[in-house]
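Here the structure is laid out as structure tokens; the discussion comes afterwards.
The values are calculated or read from the model by the stated rules, or taken from the named source; none is laboratory data. Here the structure is a predicted model, which is why all the values come from computation and not from measurement. Neighbour counts are summed over all protein chains in view; Cβ atoms, including those assigned to glycine, are modelled from backbone coordinates with ideal geometry. What goes into the accessible areas is simple: the full protein's heavy atoms, side chains included, and nothing from ligands, DNA or RNA. Shrake-Rupley method; radii C 1.70, N 1.55, O 1.52, S 1.80 Å.
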Amino acid sequence: AQKVTQAQTEISVVEKEDVTLDCVYETRDTTYYLFWYKQPPSGELVFLIRRNSFDEQNEISGRYSWNFQKSTSSFNFTITASQVVDSAVYFCALSEARTGANSKLTFGKGITLSVRP
Amino acid sequence: EAGVVQSPRYKIIEKKQPVAFWCNPISGHNTLYWYRQNLGQGPELLIRYENEEAVDDSQLPKDRFSAERLKGVDSTLKIQPAELGDSAVYLCASSLPGRWETQYFGPGTRLLVL
């Protein structure tokens, strides 16, 4: 069975601070995908990144960066110089790849990030 | 390109009443998903369609929930009768053929059962 743990429930920072959102996962598969989604107050889930289990390279996209470490089963997300518009709920998710189209996205409980001006 | 469209955005009903949610996926996306998101939780899959066929409905409470996707495009999720515990956000998502790992989500329908 697959599981995603987001131990932080709420984080509050002041604008321009850096913030890291933690994600720890469990899976028995050797091939899997990891995701981060953003859910603003409007409700839709916005796709941020997908990582497959064979690619441990860290990724940077603008102010966003992701640190994937298989040794600790973690896929952490850092926002640099946070902005008020970053305020949202952030979900980490896991999908096992071996079952292909039958794979399911398993989400963590989400982290509510509040960025104060 | 238009995203996944859902309606209504909000619905308030009394328990034991029926309710239906509608989803129009992104054009060309043959896979459609319905998720339920309880307060303070991540979404959980209810049912997945490949075209008009429900290929995974193992998490759908079939005693009161039903879904259909008659022409392989739009889909409707129904609850009858609704219970207090059904209060949640119901999200629809879609993906391209063979691209199950990239799902696009709609804004959801927020249901409150009184």
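Give me the accessible area per residue for chain A, probe 1.4 Å, as a whole number in Å².
Details: 5760 Å² over 117 residues.
Each residue of chain A exposes 49 Å² on average to a 1.4 Å probe.
What's the carbon and sulfur percent of chain A's accessible surface, probe 1.4 angstrom, rounded to a whole number? If you can, show how the numbers build up before the last one.
Details: 2770 of 5760 Å².
That fraction is 48 percent.
Do you know the relative contact order of chain A, to the nearest whole percent, from alpha carbon pairs under 8 angstrom that are 6+ apart?
38 percent
Do any residues of the range B:39-80 lose at least 20 Å² of accessible area when the full set of protein chains is present rather than just their chain alone, and if so which, with a 1.4 Å probe? Residues of the range B:39-80 that lose at least 20 Å² of accessible area once the other chains are added: B:Gly40, B:Gln41, B:Gly42, B:Pro43, B:Leu45, B:Arg48, B:Asp56.
Taking all protein chains into account, the per residue accessible area for the range B:1-101 stands at 51 Å² (1.4 Å probe).
The largest accessible area among A:Glu56, B:Glu101 belongs to the first residue in A:Glu56, B:Glu101, and the rest follow in falling order (1.4 Å probe, all chains). Counting Cβ atoms of other protein chains within 10 Å of each residue's Cβ and taking the mean over peptide B:96-103 gives 4.
Only aspartates and glutamates eight or more places from B:Lys11 in sequence, or on another chain, were considered; those with a Cα closer than 13 Å are B:Asp86.
Shown are B:Ser7, B:Ser95, whose ranking by accessible area with a 1.4 Å probe and every protein chain present, most to least, is B:Ser7, B:Ser95.
Ranked from the most accessible area to the least, with a 1.4 Å probe and all protein chains present, what is the order of A:Ser82, B:Ser27, A:Ser42, B:Ser87?
Details: A:Ser82 0, B:Ser27 110, A:Ser42 55, B:Ser87 35 Å².
Largest accessible area first, the residues go B:Ser27, A:Ser42, B:Ser87, A:Ser82.
The fraction of accessible area contributed by carbon and sulfur in chain B is 50 percent, rounded to a whole number (1.4 Å probe; ligands and nucleic acids excluded).
Quote the charge dipole size of the range A:32-117 about the Cα centre in Debye, to the nearest 20; the model charges only the Cβ of Lys and Arg (+1) and of Asp and Glu (-1).
On the way: 9 positive and 6 negative charges, 28 e Å.
Charge dipole, the range A:32-117, about its Cα centre: 140 debye, nearest 20.
Taking every protein chain into account, the 1.4 Å probe leaves A:Ser12 with about 70 Å² of accessible area, to the nearest ten.
Largest GNM mean-square fluctuation across A:Gln83, A:Gln57, A:Gln39, computed for chain A with C-alpha springs under 10 Å, falls on A:Gln57. Relative to one another, the C-alpha centroids of the range B:1-35 and the range B:36-104 are positioned 9 Å apart. Pairs B:Lys15/B:Lys71; A:Lys16/A:Lys38; B:Lys15/B:Lys62; A:Lys38/B:Lys62; A:Lys70/A:Lys104; A:Lys38/B:Lys16: which are spaced more than 22 Å apart, C-alpha to C-alpha? Over 22 Å apart, Cα to Cα: B:Lys15/B:Lys71; A:Lys38/B:Lys62; A:Lys38/B:Lys16.
Show me you know the interface measure: the accessible area buried between A and B, both chains summed, probe 1.4 Å, in Å² to the nearest 100. Walk me through the intermediate numbers first.
Working: alone 6590 and 6520 Å², together 11400 Å².
Result for this pair: about 1700 Å² buried.
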